[in-house]
Amino acid sequence: MKKFVLAAIGLTLAGVAAPSAAETPPHRTQAPGFYRMMVGEFEVTALSDGIADQPMDKLLTRIAPAELERLAKRRFLTFPVETSINAFLVNTGTSLVLVDSGAGGAFGPAAGRLARNLAAAGYRPDQVDAVLITHLHSDHSGGLAAEGKRLFPNATIYAHAREVAHWLSPDEERKAPEGMKGLFAAARAALGPYQDAGKLRTFADAVDIVPGVRAEPTPGHTPGHAVYAIESKGERMNFWGDLIHVADIQFAAPGIAILYDTDQDAAIGQRAAAFRDAADKSYWVAAPHIAFPGIGRLRAEGQAYDWVPAAYSLKGLTP
Ligand SMILES: [Zn+2]
């Protein structure tokens with residue numbers, strides 16, 4: 001054996017064997033998109049649904065272009081912004097709960113990857129007991145159904161009553177600007193199959209969905225936007241939905257809004273309150289559009305905030 005190894009080294013040194021690395025074709029694919037951590041006794045798995053390129057220089061409002069450029073430059077941010085779409089799976093030990101469902105087919109081939117990353121994370125769609133929808137924009141609800149079929153056949157869908165009423169209202173659809181009308185059809189396609197099966201539940205006030213999982217209404221970005229909070233053994237994580245879109249800009253300047261907000265003043269108010277509370281209490285935050293896995297904590301820095309992302313960790317997990 002030793003002789004063989006020495007002979008092989010000799011050959012390589014002589015430049016006879018081993019093709020050069022440059023001749024090996026690159027894979028150019030990304031690693032499976034899941035990230036796991038424990039919050040008390042609850043297992044949280046961040047699931048990547050992929051990426052959507054967003055022209056944030058045209059979408060962000062209440063900021064002068066020169067100031068936006070300055071903030072972007074200091075974070076090496078270029079436009080369009082490669083925006084993560086994340087969803088989060090919580091295993092409480094008695095319930096398997098998904099927060100948001102990704103975009104499904106709504107955002108092209110770089111998104112709609114939730115199902116394959118759920119499989120990579122070791123779970124099946126039919127194991128999910130509940131899907132909690134922060135709001136009904138299609139990058140958060142498009143993965144619920146396809147071609148009229150429920151993709152989580154055993155799950156009950158939860159959303160705020162005002163959110164469901166808004167996006168399923170023919171009146172609101174008529175009143176909406178032309179560019180927003182497609183969102184109503186998408187919401188109907190996502191919710192319809194669950195509604196028909198009696199698997200859609202709504203709430204009006206803060207409410208416990210299952211033990212340790214709470215819904216808290218945060219209207220502004222949409223009329224029935226909601227945040228979900230989990231708590232186990234004194235640890236907490238809040239699932240923020242679209243309280244923030246561009247971490248590199250909005251942690252530095254939380255007063256910047258986005259054209260997607262139905263009520264920009266209310267959205268800014270909700271963001272300010274959520275940032276303050278998260279920084280005061282140091283709990284975990286999970287956000288769909290912060291770079292995957294979108295989990296971290298906040299520190300207040302004067303009027304701005306510092307985002308401290310979760311580190312790669314095996315704490316509480318099987319090595
Ligand atoms: Zn949204």
Find all pairs meeting these conditions: Cβ atoms under 9 angstrom apart; at least six residues apart or on different chains; first residue within the range 27-39 and outside any strand (DSSP E or B); second residue among the aromatic types (Phe, Trp, Tyr). Gly33/Phe292
Which one of Ala253, Ala215, Ala229, Ala206 is within 21 Å of Leu59 (Cα to Cα) and hydrophobic (A, V, I, L, M, F, W, C)? Ala253
Can you tell me which residue within the range 10-42, out of those that are within 28 Å of Leu89 (Cα to Cα) and surrounded by fewer than 10 Cβ atoms within 10 Å (Cβ to Cβ), is modelled with the highest pLDDT? Arg28
Only residues that are within 15 Å of the ligand (Cβ to nearest atom), in contact (Cβ under 8 Å) with a residue 60 or more places away in the chain and of a type outside the set (Val, Ile, Thr): list them for the range 186-227, please. Ala186, Ala190, His221, Pro223, Gly224, His225, Ala226
Matching residues in the range 164-195 - criterion: being open to solvent by less than 40 Å² (accessible area, probe 1.4 Å) and of a type in the set (A, V, I, L, M): Val164, Ala176, Leu183, Ala186, Ala187, Ala190, Leu191
Going through the range 43-53 one residue at a time, which ones are touching an Asp or Glu at 6+ places or on another chain (Cβ under 8 Å) and open to solvent by 20 Å² or more (accessible area, probe 1.4 Å)? Ile51, Asp53
Determine, yes or no, whether Leu77 is in contact with a helix residue (DSSP H, G or I) (Cβ under 6 Å, 6 or more places away or on another chain) and either assigned to a helix (DSSP H, G or I) or modelled with pLDDT of 95 or more (or both). yes
Suppose we filter Leu183, Leu168 for residues that are more than 16 Å from the ligand (Cβ to nearest atom) and touching a helix residue (DSSP H, G or I) at 6+ places or on another chain (Cβ under 7 Å); which single one remains? Leu168
Residues satisfying the stated conditions in the range 269-279, i.e. open to solvent by less than 70 Å² (accessible area, probe 1.4 Å) and not aliphatic (A, V, I, L, M): Gly269, Gln270, Arg271, Phe275, Asp277
I'm trying to understand the selection: among the residues of the range 280-309, which are of a type in the set (A, V, I, L, M, F, W, C) and open to solvent by 20 Å² or more (accessible area, probe 1.4 Å)? Trp284, Ala291, Phe292, Ala300, Ala304, Trp307, Val308
For Ala229, are the conditions met, namely being under 26 Å from Gly316 (Cα atoms), at pLDDT 95 or above and of a type in the set (Gly, Ala, Ser)? yes
Take Asp205 and tell me if it is open to solvent by 10 Å² or more (accessible area, probe 1.4 Å) and part of a helix (DSSP H, G or I). no
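Residue-wise test of (1) touching a helix residue (DSSP H, G or I) at 6+ places or on another chain (Cβ under 7 Å); (2) under 14 Å from Val44 (Cβ atoms).
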| residue | (1), (2) |
| --- | --- |
| Glu82 | no, no |
| Val99 | no, yes |
| Gly104 | no, no |
| Phe107 | yes, no |
| Ala119 | no, no |
| Tyr123 | no, yes |
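The values are calculated or read from the model by the stated rules, or taken from the named source; none is laboratory data. Note that the structure is predicted; figures quoted are calculated from it, not measured. FYI the Cβ positions are ideal-geometry reconstructions off the backbone, even for glycines, and counts take in every protein chain you see. All accessible areas refer to the heavy atoms of the entire protein, side chains included, with ligands and DNA or RNA removed. Shrake-Rupley method; radii C 1.70, N 1.55, O 1.52, S 1.80 Å.
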